[in-house]
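Laboratory data are not the source of any read-out in this text; all were calculated from the coordinates shown. As the structure is a prediction and not an experimental result, all values here were calculated from the model. All Cβ positions, even for glycine, are placed from backbone atoms using ideal geometry, and neighbour counts span all protein chains on display.
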Amino acid sequence: MFGLRRGDEYLVAVYRGYTVAEGDTLSHVAVRNHISLRNLLALNPQIQDADRIQIGQMVNLPN
């Protein structure tokens, strides 16, 4: 499935997901989850502009 062979090394990262609700900002999501905005953005490279998130968008949070 991932093209791994026996003996290969790989890393698995597991995150919780959060669905953006009306009125949310990334800053508020970060504060509520005890993480810095910088770290939240690092976990979410799909977010190009921190000021433009959409209702229903999935945001990765650390476990």
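Scan the stretch 14-28 residue by residue and report those that are free of Cβ contacts under 8 Å to residues at least 24 places away in the same chain and in a loop (DSSP other than H, G, I, E, B). GLY23 - this is the single residue of the stretch 14-28 that is free of Cβ contacts under 8 Å to residues at least 24 places away in the same chain and in a loop (DSSP other than H, G, I, E, B).
Beta carbons closer than 6 Å, at least 6 apart along the sequence or on distinct chains, pair a first residue in the stretch 42-63 that is of a type outside the set (Phe, Trp, Tyr) with a second that is surrounded by 15 or more Cβ atoms within 10 Å (Cβ to Cβ) and in a strand (DSSP E or B) for LEU43/ASN60; ASN44/VAL59; ASN44/ASN60; VAL59/TYR18; LEU61/TYR18.
Within the stretch 34-63, how many residues are loosely packed, with under 15 Cβ neighbours inside 10 Å, in a strand (DSSP E or B) and touching a helix residue (DSSP H, G or I) at 6+ places or on another chain (Cβ under 8 Å)? Here the count works out to 1. Every test in (1) of a type outside the set (D, E, K, R); (2) in contact (Cβ under 8 Å) with a residue 12 or more places away in the chain; (3) outside any loop (DSSP other than H, G, I, E, B) is passed by VAL31 save one, and that test is (2).
Given the criteria out of contact with any helix residue (DSSP H, G or I) (no Cβ under 7 Å at 6 or more places or on another chain), free of Cβ contacts under 8 Å to residues at least 12 places away in the same chain and at positive phi, does GLY7 qualify? Yes; evaluated as a whole, the condition is true for this residue. Considering the stretch 1-41, the residues that are small (Gly, Ala, Ser) and more than 15 Å from ASN63 (Cβ to Cβ) include one that is farthest from the chain's Cα centre (by Cα), namely GLY7.
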